[in-house]
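Input: a single structure, listed below in structure tokens.
The values are calculated or read from the model by the stated rules, or taken from the named source; none is laboratory data. These figures come from a predicted structure and were not determined experimentally. Glycine gets a Cβ as well: all are built from the backbone with ideal geometry, and neighbour counts include every protein chain shown. To get the accessible areas, we keep the full protein, side chains included, count just its heavy atoms, and leave off ligands, DNA and RNA. Shrake-Rupley method; radii C 1.70, N 1.55, O 1.52, S 1.80 Å.
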Amino acid sequence: MGDTHLKDHVHTILYASTVAEVWDCLLSRLMELGFHHALYGFTRFHTSSGFGDDKDHLFLTNFGSDYMQGYFLDGRYRHAPMVRWSVENTGACPWSWIKDNIDSFNDQEREVVAFNQSLGVTSGYTIAFPHSLKRAKGAIGMCLEPHVGTQEEADDIWARHGDELELICGVAHLKLISLPLPKRILTKRQREVLEWIGDGKTVADTAQIMGLNKATVEKHLRLARESLSVDTTAQAVLKASMHNQIFTF
């Protein structure tokens, strides 16, 4: 029965066309196995100085608004110990790692630990995904019911289903990073002009191909740059490509 359920979920994920479809399917399986909450994050723009613009991240969670506000919108995730672990490592790690290493944490990391404890987010596992790109970082944290589940229960689930959890989370991750980033969706015209410019066409060439005047093409390029928060058209082509916004439809 378990193998059948796994195959069904993997099939659904592979043929999903939106981020929401992938996420809903993954959450369904995680809940069936005992992890009631999850938090997924991915960026292609991590550097030694940090994660960059939040709009360039894919961040998914079914935690409530209080947790979302405190952990993500208030920026605590940037100092979370398990996020640091996932940046420096790949594979799976139980959240007991926090207790084992808390003496080495700085004040900001300790504050994140205290925040999670206050909301009962203390028992779970984190999976950090491997990447061939230097700046690409992705991970998922899975949590038992806050204030209810224990790390021992999470460890028991992992002992029985860890291989499946790593597999389905890995498949979902690979699918998610192939889909357009929801926060940076471009219009059809913006995608078209960036594709032609990316193919080496000039603004004049693009205008002629699309049946537009040069001013209109320039307007679409300007709006695309603004949407992607970049300064140049070359940067817009690169970021749009990295966000799966062009040459994918």
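General observations
- The 3J(HN,Hα) values that the Karplus relation (6.51, -1.76, 1.60; θ = phi - 60°) gives for the stretch 232-242 are, in residue order, 10, 5, 4, 5, 5, 4, 5, 5, 4, 5, 5 Hz. Gly and Pro appear as x.
- Kirkwood Rh, Cα atoms: Rg over Rh of the stretch 14-167: 0.93
- Computed from label points 7 Å out along Cα-Cβ, the spacing between Lys134 and Asp74 is 3.5 nm.
- Angle between the chain longest axis and helix 151-176 axis [Cα atoms, degrees, rounded to 10]: 10 degrees
- Helix 19-33 and the longest principal axis of the Cα set of the chain meet at an angle near 10°.
- Net charge contributed by nearby residues that have their C-beta within less than 15 Å of Ser65 (K/R +1, D/E -1): -1
- Length released on extending from Lys219 to Glu152, taking residue separation times 0.36 nm less the Cα-Cα span: 18.4 nm
- Set of the stretch 140-165 residues, backbone N closer than 19 Å to the point 7 Å along the Cα-Cβ line of Lys99: 142-160
- Spherically averaged projected area of the stretch 147-189 from its Cα convex hull (nm²): 5.0 nm²
- Cβ-Cβ distance of Ile209 and Asp231, R₀ of 35 Å, FRET efficiency by 1/(1 + (r/R0)^6): the value works out to about 0.90.
- The chain - mean residue ellipticity at 222 nm from DSSP helices (-39,500 (n - 2.57) per run, n ≥ 4, rounded to 500): -15500 deg cm²/dmol
- Debye, to nearest 20: dipole size of the chain, +1 on Lys, Arg Cβ, -1 on Asp, Glu Cβ: 1380 debye
- Note on Asp199 and Asp107: the model spin-label points, each 7 Å out from Cα along the C-beta direction, lie 5.7 nm apart.
- Here the label points at Glu88 and Ser241, each 7 Å from Cα along the C-beta direction, are separated by 3.4 nm in the simple model.
- When you count the other C-beta atoms within 10 angstrom of each residue and take the mean per peptide, 96-102, 22-28 line up highest first as 22-28, 96-102.
- Over the chain, accessible surface divided per residue gives 51 Å², non-protein components excluded, 1.4 Å probe.
- Using a Förster distance of 35 Å, the FRET efficiency for Asp24-Ser48 (Cβ separation, nearest 0.05): 0.50
- Across the cross-link table entries Lys134/Lys175; Lys99/Lys134; Lys55/Lys214; Lys99/Lys137, which are compared at the Cα atoms, the separations over 21 Å belong to Lys99/Lys134; Lys55/Lys214; Lys99/Lys137.
- Here's the picture: a label point sits 7 Å out from the Cα of Glu145 along the beta-carbon direction, and within the stretch 29-71 the residues with their amide nitrogen under 14 Å of it are 31-37.
- Spatial separation of Cα centroids for the stretch 1-65 and the stretch 118-177, in angstrom: 10 Å
- Extension gain, Glu166 back to Thr4 (0.36 nm per residue minus Cα-Cα distance, nm): 56.7 nm
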